[in-house]
Amino acid sequence: MCPENYVVLAAVFRSLGLCSLACAAARRGLHICPVNATLRAFAATTPDDIAAGVQNTIAGRRARAAVAGAAHGALRVLMVNTFQPRDADEDIRQMEKLRHYLVQEGLAVDIAQGPRPDPRGYDIIHAWNVNPAFAHQILSQLKAIRLMAPGLPVVLTPCYTDFREVAWSRDQHTPVFAKPNFTPQQIDQALQQALRSRPDLRTKPPLCPVPKPFDQIPARLVALADHILPASRREWQMLAEHLDAGRPHTIVPASADPDLAAAATADWFVQHHGLRDFILTVGPLDPEHNQLMLLHALRATHLPIVVVGPRRDVLYARFCAEHASRHCRFIEHLSDEQLASAYRAAKVTVLPGWIDTAATPWLEAALAGCALAVSNRLNANESLGSCACAFDPADPAAIRKAVLQACSHHKSDAIKRAELAGQLRTHNTCTEAARLVISAYQAALATSSSGRHAARPPARLGPGVWGLGSGESSPEPRPGIQSPIRRGEGPPAIGIPAIA
């Protein structure tokens, strides 16, 4: 690692309040570059100085929430998301966007992404993400919150997905495209053969691909919530079947800013990229978004294709470039305004992914009047109905047929797409999503005021071990509520090894 990497690492540890690790990272960097002034400053800072700075930040945020709530009578919300450094995935972008519109509705909202969020001064907690990679972090945060404020209601946006087909596609499909001498016909035969091992989604999946007892964490997070905010009926059905979710819920569908689509024209994209009436797909290049299958399916059609998204999986991105036709163009990043122009310039937007890791491309495309071909595994089909051509993301022939059908019906379906865009402008706006979330907050607070949380403190599980406590009046903690994390067990609070 170069010294700059240790500077970043020390800064991240310091922002999380991990004093010893911040100093250790700085000292390790000084072995490589002893004259680096930033590393010297980090190494010279004592853990007490860093802790005091973190406490000042927490105290300031709590004071701002209390002042804002008192001044305006606003509901004070603390949003909680993962604290381990990671990419700004869709759940983080969605959280920040929702915060913006909640503030516009008069709420006082803060975001906490530290390992020990301080809930004092807030009326409600809004937690995000129960997926296996992050669930233990959210659980540890809620554990700290419950210890400090046992009666505070919790609303949960689960961002839940079933990863079985993603794992199957990664294991079965990607190696087929890695073979250098395979012809397109041999690839098709291998893909058809792989369908025999396809997982049956009608069966209940393992809760989490980690050793026990940590496979129970997503279910316990769901059981802890007072109110759940799935993005679709399909997600709620999966939560009910896979995680035994039995809490009150409000479906908050994907939302976008209709004014952005209304103001956009195709001019910018046509001028800068010289393309119009092309096939567009948007999302990071990785097996979850399944662009490789799309590019293989359309290779012989000679249709112009634009792929917009970062190369999250470098090897997968290389396979995409190798199997794309010469009419394909890759664009790593477009701003929101530039992407809106791309939707206006495109003829068909295709979403071939396995899971809803990105919630809004289909919505932004539909608002722009673009024809759609969408994987039948995505929640978008609930809103799009017959306005989109659905396909099996594992079948290249089905993908090709859906895309060609969307192209051929582009003119004849223009009125239908305009009617759909009008409906989406009414029901799928960011303001409407914020109001649905506020109604969920009010329902959770009503449940709390009726006595559910005030009845008992967090359950003690043993010497020095505390559970999360359901807050219900029953004297015995119910199974599935207590935290499975005990001292000396489980994933560390930060998924980065300590530096000696």
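The values are calculated or read from the model by the stated rules, or taken from the named source; none is laboratory data. Small disclaimer: the values here were computed from a predicted structure and weren't measured. Reconstructed Cβ throughout: ideal geometry from the backbone, glycine too, with neighbour counts over all protein chains shown.
When the stretch 321-337 is filtered for residues that are within 24 Å of the chain's Cα centre (by Cα) and modelled with pLDDT of 95 or more, the ones remaining, listed by number, are 330, 331.
Can you confirm whether residue 210 is modelled with pLDDT under 90 and not in a loop (DSSP other than H, G, I, E, B)? Here the answer is no, as residue 210 does not meet what is asked. Within the stretch 241-267, the residues that satisfy the criterion of being surrounded by fewer than 20 Cβ atoms within 10 Å (Cβ to Cβ) and more than 25 Å from the chain's Cα centre (by Cα) are 262, 263, 265, 266, 267. Note on the stretch 141-168: residues that are buried (at least 22 other Cβ atoms within 10 Å of the Cβ) and in a helix (DSSP H, G or I) total 4.
Could you say which residue among 444, 455, 459 is in contact with an Asp or Glu (Cβ under 8 Å, 6 or more places away or on another chain), surrounded by 15 or more Cβ atoms within 10 Å (Cβ to Cβ) and at pLDDT below 90?
The unique qualifying residue is 455.
Mind checking which residues of the stretch 112-136 are in contact (Cβ under 8 Å) with a residue 60 or more places away in the chain, surrounded by fewer than 23 Cβ atoms within 10 Å (Cβ to Cβ) and under 20 Å from residue 93 (Cα atoms)? Correct list: 114, 115, 131, 132. All conditions but one from (1) within 28 Å of residue 196 (Cβ to Cβ); (2) not assigned by TED's automatic domain parsing to the domain that holds residue 266 apply to residue 396; the one that does not is (2).
Taking residue 160 as meeting all but one of (1) touching a Lys or Arg at 6+ places or on another chain (Cβ under 8 Å); (2) aromatic (Phe, Trp, Tyr); (3) in contact (Cβ under 8 Å) with a residue 60 or more places away in the chain, write down the number of the exception. Unmet for residue 160, out of (1) touching a Lys or Arg at 6+ places or on another chain (Cβ under 8 Å); (2) aromatic (Phe, Trp, Tyr); (3) in contact (Cβ under 8 Å) with a residue 60 or more places away in the chain: (1). If only residues of the stretch 346-379 that are of a type in the set (Ser, Thr, Tyr) and at pLDDT 90 or above are counted, the one that is surrounded by the most Cβ atoms within 10 Å (Cβ to Cβ) is 375. Being in contact (Cβ under 8 Å) with a residue 24 or more places away in the chain, assigned by TED's automatic domain parsing to the domain that holds residue 287, touching an Asp or Glu at 6+ places or on another chain (Cβ under 8 Å) and not β-branched (Val, Ile, Thr): is that true of residue 377 here? Spelling it out, residue 377 is indeed in contact (Cβ under 8 Å) with a residue 24 or more places away in the chain, assigned by TED's automatic domain parsing to the domain that holds residue 287, touching an Asp or Glu at 6+ places or on another chain (Cβ under 8 Å) and not β-branched (Val, Ile, Thr). Annotation: of all residues in the stretch 409-437 being acidic (Asp, Glu) and more than 26 Å from the chain's Cα centre (by Cα), the one that is surrounded by the fewest Cβ atoms within 10 Å (Cβ to Cβ) is 419.
The set of residues from the stretch 171-197 being surrounded by 14 or more Cβ atoms within 10 Å (Cβ to Cβ) and in a loop (DSSP other than H, G, I, E, B) comprises 173, 182. All told, residue 62 falls short of being surrounded by 14 or more Cβ atoms within 10 Å (Cβ to Cβ), charged (D, E, K, R), more than 26 Å from the chain's Cα centre (by Cα) and modelled with pLDDT of 80 or more. From the set of residues in the stretch 298-345 that are among the basic types (Lys, Arg) and out of contact with any His (no Cβ under 8 Å at 6 or more places or on another chain), which is surrounded by the fewest Cβ atoms within 10 Å (Cβ to Cβ)? Ranking the candidates gives 326 first. Determine, yes or no, whether residue 400 is modelled with pLDDT under 95, among the basic types (Lys, Arg) and within 22 Å of residue 297 (Cα to Cα). When the stated conditions are applied, residue 400 does not pass them. In the stretch 299-324, the residues that are assigned to a helix (DSSP H, G or I) reach residues that are of a type in the set (Asp, Glu) and buried (at least 16 other Cβ atoms within 10 Å of the Cβ) with C-beta atoms within less than 9 angstrom, at least six apart or across chains, in these pairs: 316/286; 317/286. Within the stretch 361-375, not a single residue is in a loop (DSSP other than H, G, I, E, B) and polar (S, T, N, Q).
With the requirement that a residue be aromatic (Phe, Trp, Tyr), surrounded by 19 or more Cβ atoms within 10 Å (Cβ to Cβ) and part of a helix (DSSP H, G or I), what does the stretch 268-297 give you?
269
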